[in-house]
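Structure, as structure tokens:
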Amino acid sequence: MKKYILYLCAAMVLASCNDDFLDKYPQTSVAPEEFFKTEEDLELYVNGLLTMAGPGNYLADQSSDNLATTGAIEIKNIMTGTPSSQTVTGGWNWGTLRNINYFLDNYTKATGSEDGIAHYVGLARYYRALFYFDMVKRYSDVPWYETTLNPGDEDLYKPRDSREMVMSKVMEDLDFAMANVRESVPTGTPNVWAVKAFTARVALHEGTYRKYHSELGLEGSANQFLEKARDVAVEIMNSGLYSIYNSGNPESDYGSLFGAQNLVGNPEVILANIYDLNKDRGSNNNTVIFGDYEQSPTKDLVLSYLLRDGSRFTEMEGFDKMGFVDEFQNRDPRLSQTVVYPGWVRQPETDPYIQTLSKNFTGYHQLKGYVNSIDNVEVSSDDFPVYRYAEILLIYAEAKAELNELNQGDLDMSVNLLRQRAGMPNLEMSAANADPDPFLMEKYPSVTGANQGALLEIRRERRVEMALEGYRYDDLMRWNSGKLLEIIPSGMYFSGLGKFDMTGDGIEDIILVDKDSSIPVGDDKEKNSLGVALIYYKAGTIEENVDVFLSNGENGGNMVTETKERNFVEPKYYYRPVPIQQVTLNPNLTQIFGWD
């Protein structure tokens, strides 16, 4: 940890040094020989390029069907508005790339060991791949720049390069990084295995995206990316360096990875983003994560978890009319380590937490990423797993299934290790293919063939294992499943007006009354058998002045978050327009897929 903090401080010093350096030597007339002299100079510069996911990822599923949100999320605004290049203007930022390319243009001026210099060049090219992967996900075709541009350069006015060309360059960068980045690096920074984890992620994304998006006309090249994902995942698996964290406690092992104070040395974590408030590096997202502020887990996410015996919750009689307490019984233990469950105790209280029901929320609260403490240092010092070995296993299984190479042995060395950690039965390929889940078939109609059932279950496993870590939106996009975002998120089910147990002890905690009722105060409130006053809510439809919106008003139903119609236009909304200001500056930047 101490070494990491020293590293972080060096990166911060570089940021301030870079300001002075660029003030003294503007990049239009820069004198790089003043800076790029030694291997240590290369290290200092590359440290300043460090880019990693952090705890903000616990909020990122607001763009997906995993979370309902009251926030102004871009994709929701697009589906409910009249978007154009004049209104969708974020994302076309190239400053990071300029910093990376400036290094790549000038590193040869430094002296040092050949492998040392190659290591830092590899990291810079890894960061360039990160940058371009995000740009391709957003825009598909983008200009490729591999040198620093200055005012007046002709390439400032070049058109978009094809996705095919740009992703070829991205993979070249990653191949170089995998061949040259070191295994031993400062704690909390990417080593060669982190580079390989990212490469496997990129290859799976691009392979499946090309397979399921016919508008690109790149289906024929999908398998080369899927094979890359498979092969790099196998490299990581065969290294023997990583394993699924499993201490034999299925009720807590999975959840212990999120909101953990120290992930360094955890066998599952390939790269951790390290936080320590005592060393001036903290991150506190508790308020937003928990669900009283902006986001809340959806009913659809809860429905996706299997029963503990491996059978399907969505095939139980009356599953869709189960209340909060009943629906959490005998489920995959990961559900109760992801979403607040009946009987959970929130610090500093000693009694079980009673769900807060609010307008436009689902009633569920997010547990993953929440630090259950009142100690601000503890809350703000939780590490984030940037790359998990669990993801590598899921990449391997999905790539093998998409390549039509999957067998039971593949599942046993991947998905079933995750299920075993959770105390769940193994996924049996023959059984899954013989009886595909209708709940999943409806979601993913493009999944067909002999391995339909197994691939659907791999997608379920990915959703469950990586829920609320910020990857669900990308998954929906690459699977060509944007239409699922048209479904307005719903929440807990209530049978109607009346009293309800919310903690699982069989004793009522809340009462739903009609919109015209007067809610008593003080001692006039009805008490339960423990002598505790019930919590009152007025319930009705979303059009009424009540506290809880139910789909059937006073007659019950699922909690309603909103009603504004959503329309996901395909293929247009899988991409974003180039902001109009940029097209005005460079008319060669034409719009694609119907954007204007």
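Take the conditions (1) in a helix (DSSP H, G or I); (2) closer than 24 Å to residue 202 by Cβ; (3) touching a residue at least 12 places away in the same chain (Cβ under 8 Å); residue 90 misses just one of them, which is (1). For the stretch 324-357, the tally of residues that are assigned to a loop (DSSP other than H, G, I, E, B) and either open to solvent by less than 20 Å² (accessible area, probe 1.4 Å) or out of contact with any strand residue (DSSP E or B) (no Cβ under 8 Å at 6 or more places or on another chain) (or both) stands at 23. For the stretch 68-83, indicate whether the set of residues that are at positive phi, over 15 Å from the mean Cα position of the chain (by Cα) and assigned to a loop (DSSP other than H, G, I, E, B) is non-empty. The answer is no, given that none of the residues of the stretch 68-83 is at positive phi, over 15 Å from the mean Cα position of the chain (by Cα) and assigned to a loop (DSSP other than H, G, I, E, B).
Take the conditions (1) buried (at least 22 other Cβ atoms within 10 Å of the Cβ); (2) under 27 Å from residue 333 (Cα atoms); residue 249 misses just one of them, which is (1). Residue under question is residue 556, and the condition is that it be surrounded by 16 or more Cβ atoms within 10 Å (Cβ to Cβ), touching a strand residue (DSSP E or B) at 6+ places or on another chain (Cβ under 7 Å), of a type outside the set (S, T, N, Q) and modelled with pLDDT of 95 or more; does it hold? The answer is yes for residue 556. Among the residues of the stretch 401-417, is any open to solvent by less than 10 Å² (accessible area, probe 1.4 Å), free of Cβ contacts under 8 Å to residues at least 12 places away in the same chain and assigned to a helix (DSSP H, G or I)? Yes, the stretch 401-417 contains at least one residue that is open to solvent by less than 10 Å² (accessible area, probe 1.4 Å), free of Cβ contacts under 8 Å to residues at least 12 places away in the same chain and assigned to a helix (DSSP H, G or I).
Just to be sure, is residue 529 surrounded by fewer than 16 Cβ atoms within 10 Å (Cβ to Cβ) and either assigned to a strand (DSSP E or B) or in contact with a Lys or Arg (Cβ under 7 Å, 6 or more places away or on another chain) (or both)? Spelling it out, it is not the case that residue 529 is surrounded by fewer than 16 Cβ atoms within 10 Å (Cβ to Cβ) and either assigned to a strand (DSSP E or B) or in contact with a Lys or Arg (Cβ under 7 Å, 6 or more places away or on another chain) (or both). Residues in the stretch 471-503 that are open to solvent by 20 Å² or more (accessible area, probe 1.4 Å), under 21 Å from residue 549 (Cβ atoms), touching a Phe, Trp or Tyr at 6+ places or on another chain (Cβ under 9 Å) and not charged (D, E, K, R): 493, 500. Filtering the stretch 116-158 down to residues that are among the small types (Gly, Ala, Ser) and assigned to a helix (DSSP H, G or I), which residue is nearest to residue 207 (Cα to Cα)? The selected residue is 129. Got at least one residue in the stretch 114-128 being among the acidic types (Asp, Glu) and within 23 Å of the chain's Cα centre (by Cα)? Looking for residues that are among the acidic types (Asp, Glu) and within 23 Å of the chain's Cα centre (by Cα), one finds none in the stretch 114-128, hence no. Report the residue count in the stretch 559-584 for those that are buried (at least 16 other Cβ atoms within 10 Å of the Cβ), assigned to a loop (DSSP other than H, G, I, E, B) and of a type in the set (Val, Ile, Thr). Number satisfying all stated conditions: 2.
Conditions: (1) within 20 Å of residue 336 (Cα to Cα); (2) touching a helix residue (DSSP H, G or I) at 6+ places or on another chain (Cβ under 9 Å); (3) free of Cβ contacts under 8 Å to residues at least 24 places away in the same chain. Residue 280 meets all but one. Number of the miss? Tallying (1) within 20 Å of residue 336 (Cα to Cα); (2) touching a helix residue (DSSP H, G or I) at 6+ places or on another chain (Cβ under 9 Å); (3) free of Cβ contacts under 8 Å to residues at least 24 places away in the same chain, residue 280 fails exactly one: (1). Those helices (runs of 4 or more DSSP H) of the stretch 200-311 in which 2 or more residues are out of contact with any Leu (no Cβ under 7 Å at 6 or more places or on another chain) and under 19 Å from residue 465 (Cβ atoms) occupy 222-239, 299-304.
The values are calculated or read from the model by the stated rules, or taken from the named source; none is laboratory data. No experiment lies behind these values; they were computed from the predicted model shown. Methodologically, a virtual Cβ is constructed for each residue, glycine included, from the backbone with ideal geometry; neighbour enumeration extends over all protein chains shown. To get the accessible areas, we keep the full protein, side chains included, count just its heavy atoms, and leave off ligands, DNA and RNA. Shrake-Rupley method; radii C 1.70, N 1.55, O 1.52, S 1.80 Å.
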